[in-house]
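The values are calculated or read from the model by the stated rules, or taken from the named source; none is laboratory data. Everything numeric here is computed off the predicted structure, so don't read it as measured data. With ideal geometry, Cβ positions are generated from the backbone for all residues, glycine too; neighbour counts draw on all protein chains shown. What goes into the accessible areas is simple: the full protein's heavy atoms, side chains included, and nothing from ligands, DNA or RNA. Shrake-Rupley method; radii C 1.70, N 1.55, O 1.52, S 1.80 Å.
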Amino acid sequence: MENTTEKRRQELEKYFDPKGPFSALRVSQMKRAWKQTNRRELNFWENTYLPMLFSGIALTGKHFFYNVAFHILHLFGIAKKTKGSVTYQYPEQQRPLASRLRTRHRLTKREDGSPRCVACMMCETVCPARCIEITAAEHPDPNIEKYPAEFILDLGRCVYCGFCVEVCPEDAIRMDTQKLKIAEYDRSSMIYDKKRLMDE
């Protein structure tokens with residue numbers, strides 16, 4: 001019994017070593033405990049929340065007048081290098097998107113127009129939202145083992161994690177369409193089949 005207690009004490013000592021890997025964690029825990037026990041009471045003026053209200057209005061006003069001033073100067077050809085904030089007039093004016101942004105899915109095609117997918121089920125297996133369903137079938141070409149008879153992707157459940165793209169050995173599925181609009185009037189319209197994914 002004594003040997004077990006000594007072992008446990010030695011295990012716990014690493015948490016209290018000032019030069020050990022857990023020292024930063026211990027210090028942060030001590031700071032948090034100190035803040036909780038020594039929290040200052042708000043005075044009457046602070047309890048009205050007016051100081052925070054005025055500071056928020058001041059910050060918003062600062063940004064507003066800064067941007068208005070620079071946009072007016074730009075009209076007269078002054079201070080062109082300093083940019084003010086810009087509002088995109090969506091949907092008429094599309095916002096520029098990064099090339100690596102994960103947008104709507106698409107299935108890539110071979111030269112003959114068939115999908116590159118070989119129905120290995122890796123994307124279906126790795127998908128955390130379980131939004132991909134593949135039905136495999138025998139491919140008529142003897143060099144290709146299988147192909148997806150059905151490839152269904154439910155965008156209503158998709159979390160856009162990109163795991164399906166990373167895991168695909170054939171580079172058959174991509175998220176590079178640069179299309180963000182997925183809103184539909186009913187959930188059934190958000191279910192994409194193989195033809196719809198290949199037309200993207």
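Listed peptides 30-43, 114-127, 187-200, 93-106 appear in the order 114-127, 187-200, 93-106, 30-43 once ranked by packing, highest mean of other Cβ atoms within 10 Å at the front.
Considering only ALA24, ALA129, ALA172, the Gaussian network model of the chain with Cα springs below 10 Å gives its largest mean-square fluctuation to ALA24.
For the range 114-200, just say rounded, prolate or oblate: build the C-alpha gyration tensor, square-root its eigenvalues into a ≥ b ≥ c, call rounded for a/c under 1.5, and beyond that prolate if a/b exceeds b/c, oblate if not. Since a/c reaches 1.5 and a/b is larger than b/c, the shape of the range 114-200 is classed as prolate. Return the carbon/sulfur percentage of the accessible area of the chain, one whole number, probe 1.4 Å, all protein chains in place. In the chain, the share of accessible area belonging to carbon and sulfur is 57 percent.
Accessible area per residue for the chain is 79 Å², calculated with a 1.4 Å probe on protein heavy atoms, without ligands, DNA or RNA. Here the chain is assigned +1 on the Cβ of each Lys and Arg and -1 on the Cβ of each Asp and Glu. Its dipole about the Cα centre then comes out at about 1380 debye. Full extension of the chain between THR60 and SER188 yields a length gain of 41.9 nm, computed as 0.36 nm times the residue separation minus the alpha carbon distance. Remark: the Cα gyration tensor places the range 67-124 in the prolate category, a/c being 1.5 or greater and a/b exceeding b/c. Once the C-beta distance of ARG102 and GLU6 is scaled by a Förster radius of 41 Å, the resulting FRET efficiency is 0.15 to the nearest 0.05. In a fully extended conformation the segment linking LYS179 and ASP154 would gain 7.4 nm over its present Cα-Cα distance, using 0.36 nm per residue.
Here the sum of -39500 (n - 2.57) over DSSP H runs of 4 or more residues, divided by the residues of the chain, equals -11500 deg cm²/dmol at 222 nm, to the nearest 500. The mean sequence separation of alpha-carbon pairs under 8 Å and at least six residues apart, normalised by the residue count of the range 20-140, gives a relative contact order of 8 percent.
Full extension of the chain between SER23 and VAL86 yields a length gain of 18.1 nm, computed as 0.36 nm times the residue separation minus the alpha carbon distance.
Toward the positive end of the charge dipole of the range 50-200, with +1 on the Cβ of Lys and Arg and -1 on the Cβ of Asp and Glu, the farthest Cα among PHE64, THR108, ALA129 is that of PHE64. Taking every Cα-Cα distance in the chain and sorting them into 10 Å bins from zero, the calculated P(r) comes out as 7, 18, 14, 12, 21, 18, 9, 2, 0 percent.
The chymotrypsin sites (Phe, Trp or Tyr not before Pro) found in the range 48-154 that occupy coil by DSSP, while having at most 13 further C-beta atoms within 10 Å, are TYR49, PHE76, TYR88.
Here the calculated FRET efficiency for MET52 and ASP112, from their Cβ-Cβ distance with R0 = 45 Å, stands at 0.10, rounded to the nearest 0.05.
Among the GluC sites (Glu not before Pro) within the range 145-186, those in coil by DSSP and having at most 15 neighbouring Cβ atoms inside 10 Å are GLU145, GLU170, GLU184.
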